[in-house]
Amino acid sequence: MWFILALMSAVFAALTSILAKVGIEGVPSNLATAIRTAVVLVMAWGMVLVTNTQGGITDISRRSWLFLISGLATGASWLCYYKALQIGEASKVVPVDKLSVVITLVLAFAFLHEKFTVKSLAGCVLIGAGTLLMVL
């Protein structure tokens, strides 16, 4: 099930990139990011209400709150992504953005002590090489 959800995430992310590239024309990138964020906020709270999971908010630990409310990385990512998308070609911006896969694997190894295997290393190298091929 996780694979299907992850694949759907990739499809929606691809749609987001194309729709954003078309929609951002003539719109300041920061304003576009704010609009996108507002839509995501409404959608996310709508899902919480529809699934009736809002009661779980009192069960969240302080540690989880600390990490959940530190959305600065998400905000910075979206601001940079929309500006890059506005001034660059989607076919080049998106592959560079997806280097987040490589960076995530390295950070997961360093901070979460997840296994970094030969297969992981090969994947990182191939993603990096593929990105270079697409943007050069």
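The values are calculated or read from the model by the stated rules, or taken from the named source; none is laboratory data. None of the values given here were measured: they were computed from a predicted structure. Positions of Cβ are generated from backbone atoms using ideal geometry, with glycine treated the same way; all protein chains shown enter the neighbour counts. The area values use the complete protein model at the heavy-atom level, side chains included, leaving out ligands, DNA and RNA. Shrake-Rupley method; radii C 1.70, N 1.55, O 1.52, S 1.80 Å.
Points to keep in mind about this one:
- Accessible surface ranking for Lys115, Lys92, 1.4 angstrom probe, highest first: Lys115, Lys92.
- Toward the positive end of the charge dipole of the chain, with +1 on the Cβ of Lys and Arg and -1 on the Cβ of Asp and Glu, the farthest Cα among Asn30, Val125, Thr51 is that of Val125.
- The per residue volume of the convex hull around the alpha-carbon atoms of segment 14-67 is 112 Å³.
- Percentage relative contact order, the chain, counting C-alpha pairs under 8 Å, at least six apart: 29
- Taken about its Cα centre, the chain carries a charge dipole of roughly 180 debye when the Cβ of each Lys and Arg holds +1 and the Cβ of each Asp and Glu holds -1.
- The portion of the accessible surface of the chain made up by carbon and sulfur, rounded to a whole percent, is 76 (1.4 Å probe; DNA, RNA and ligands excluded).
- Pairs of Cα atoms in the chain fall into 5 Å distance bins, from 0 up to the last occupied one, in shares of 2, 8, 12, 17, 20, 17, 14, 8, 3, 0 percent.
- Counting only protein heavy atoms and a 1.4 Å probe, the chain has 77 square angstrom of accessible area per residue.
- Over the chain, DSSP H runs of length four or greater, each weighted -39,500 (n - 2.57), average out per residue to a 222 nm ellipticity of -25500 deg cm²/dmol.
- Placing unit charges on each Cβ (+1 for Lys and Arg, -1 for Asp and Glu) gives segment 1-110 a dipole about its Cα centre, and among Val94, Ser70, Leu5 the Cα reaching farthest toward its positive end belongs to Ser70.
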